[in-house]
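J.: Take a look at the following structure, please.
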Ligand code: ADP
Ligand code: MG
């Protein structure tokens, strides 16, 4: 590169998402201002980790300065704080990409959920992760000086912004590698440029960082602050600088565990629970696994952030190592540090290594243990967990058949025994409430709790006091195809097949039996004639006590939710007409049976059929025809 005076200064606009994020940050996080320091130190520590990793295959990147460190400097008079690292650094292009855009998919949708409620926004941003832009909570101008390890000194870069619409980048001369972030504090935030305040914050939030965080030695006149990370004697380390997971469990405080979680998970809330284990024997590794308190915004995004941070013998190898967790436990965050893997292990190698497979199994067990314990010891906290992650857990029985029963035990369902969607019951609760002689766990799948609750299919079960689980998550029908039985009891969808409860339960059996099928044969045939191909069969119902009609499926037919799931996935499915069941003891069906007027019979039969469809949550193919028929019948009534 030729020496020119032209530093190629460019002024660039932030991506729209960044502008929104900056706005959000500044307006909703003022009560958590101090997190900026944690975020900047966290980034500096990541940069050190990345350099250590890159240097495994090219140690010239250390540029003969292998002592990685972070330095926090301040200038009280100027109201300036600097966080400097000698980590991997950034090229000009990387600075533009990393500090001018947000590359995570789903960001736009995430931001679209934001409203005026700042408390709620603060929570949402916790799910997103705060990061570099948190600097603008306290600073009205931020400058970044950086040079990539291994690059020429003339390839340094300077970035500056006031956190409004744009930023400038220029190429500078920078002898030292790594990154310095310089905050020009807002007048009201100058109190942060104080040695005691800073030292306290570093200790509180960044003690676990495995590189030393240096600050000017206490009680000594301040060094002329430069943007160099020096190792001179005027600086001392203020943190422990040992990897947290290496330390003994008994010596780690709750606060340290929490602070470490916030660093690894890029979350700013506390975790719900964690489990720290050292495994010895055949394979040697340490895991520190966390369950977040809230679902991240990209939990359902295919390319959302997931996986553990992988270390090999304390050396950071990669973020988001998905191979150590099954997908239904993708909400787990944390660290796995292996003593056996090779330092140059790649993602591809992880996929093939049988040792990883057995680690994944062991880690899955740990997570399930941890959740079981929570469910037992703190049902309320467990129900919070379940609200956030229950739907993900439901992928478990299909993905991990070996643990299907354990996962099933962790599931919670709405039920006819609880009048609200928030109250959920476990399969164990269901079994405990089951009357003697009941061999089946009954359930119903619908689009919503309300639809499930008001389904006519529940009538006879309700009358007999038999509990039915009300399933209303998108994934539920699919889940149930993977749950064959639980503690020897099979599952039955109450909208499918013949529902013969016989003598079971409290109420008298309905009078629907074979004899009644015979008695109403003529009615059945006539209705069949009118409804035609739209149904597979018409029959007398054993499930209804209050409604005149309902639709059911054959035992092995695919339900509506499954069909819609598959259709959304692009599959074409053959039509599968339902079975129409009639309740002869209902006065409307009685009217139907008694009428000899063909036109009236047809209107009434079709209205009952359409009503049954509506009650199943279906849409009518010809709603206008339904309205016309219904009005016809109503007018006749008034005559
Ligand atoms: P995150 O840390 O969650 O990736 P941040 O907003 O904190 O998000 O940072 C954005 C990106 O900017 C980082 O992923 C990293 O690539 C880059 N970055 C930030 N600070 C540094 C630093 N000190 N050294 C090198 N790269 C950095
Ligand atoms: Mg960060």
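The values are calculated or read from the model by the stated rules, or taken from the named source; none is laboratory data. The shown structure was predicted, so the numbers you read here are calculated from the model rather than taken from an experiment. Note that we place each Cβ from the backbone using ideal geometry, even for glycine, and neighbour counts take in every protein chain shown.
J.: Going by the conditions given, is residue 8 touching a residue at least 24 places away in the same chain (Cβ under 8 Å) and loosely packed, with under 13 Cβ neighbours inside 10 Å?
T.: yes
J.: Turning to a different aspect of this structure: Being part of a loop (DSSP other than H, G, I, E, B), at pLDDT below 85, away from ligand 2 (no atom under 16 Å from the Cβ) and surrounded by fewer than 17 Cβ atoms within 10 Å (Cβ to Cβ) is the requirement here; does residue 242 meet it?
T.: When the stated conditions are applied, residue 242 does not pass them.
J.: Mind telling me which of the residues 61, 40, 56 ends up being part of a helix (DSSP H, G or I) and buried (at least 24 other Cβ atoms within 10 Å of the Cβ)?
T.: None of the others qualify; the one that does is 40.
J.: In region 261-278, which residue that is modelled with pLDDT of 95 or more and in contact with a helix residue (DSSP H, G or I) (Cβ under 8 Å, 6 or more places away or on another chain) is nearest to residue 384 (Cα to Cα)?
T.: Ranking the candidates gives 272 first.
J.: Shifting gears a bit: On the given criteria, is residue 75 more than 30 Å from residue 300 (Cα to Cα), at pLDDT 95 or above and either touching a helix residue (DSSP H, G or I) at 6+ places or on another chain (Cβ under 8 Å) or more than 15 Å from ligand 2 (Cβ to nearest atom) (or both)?
T.: Criteria met by residue 75.
J.: Against the conditions (1) touching a helix residue (DSSP H, G or I) at 6+ places or on another chain (Cβ under 8 Å); (2) part of a loop (DSSP other than H, G, I, E, B); (3) farther than 22 Å from residue 156 by Cβ, where does residue 66 fall short? Just the number, please.
T.: The single condition residue 66 does not satisfy is (3).
J.: Residue 83 is checked against (1) surrounded by fewer than 20 Cβ atoms within 10 Å (Cβ to Cβ); (2) within 16 Å of ligand 2 (Cβ to nearest atom); (3) at pLDDT 95 or above and fails just one. What number does that condition carry?
T.: Just one mismatch for residue 83, condition (1).
J.: How do the helices (runs of 4 or more DSSP H) wholly within region 507-616 filter down when requiring 2 or more residues that are crowded, with 16+ Cβ neighbours inside 10 Å and touching a helix residue (DSSP H, G or I) at 6+ places or on another chain (Cβ under 8 Å): which remain?
T.: So the answer is 521-531, 560-568, 587-594, 598-615.
J.: Here's a follow-up. Restricting to region 173-194, name every residue that is closer than 22 Å to residue 86 by Cβ and either within 16 Å of ligand 1 (Cβ to nearest atom) or part of a helix (DSSP H, G or I) (or both).
T.: 174, 176, 177, 178, 179, 180, 181, 182, 183
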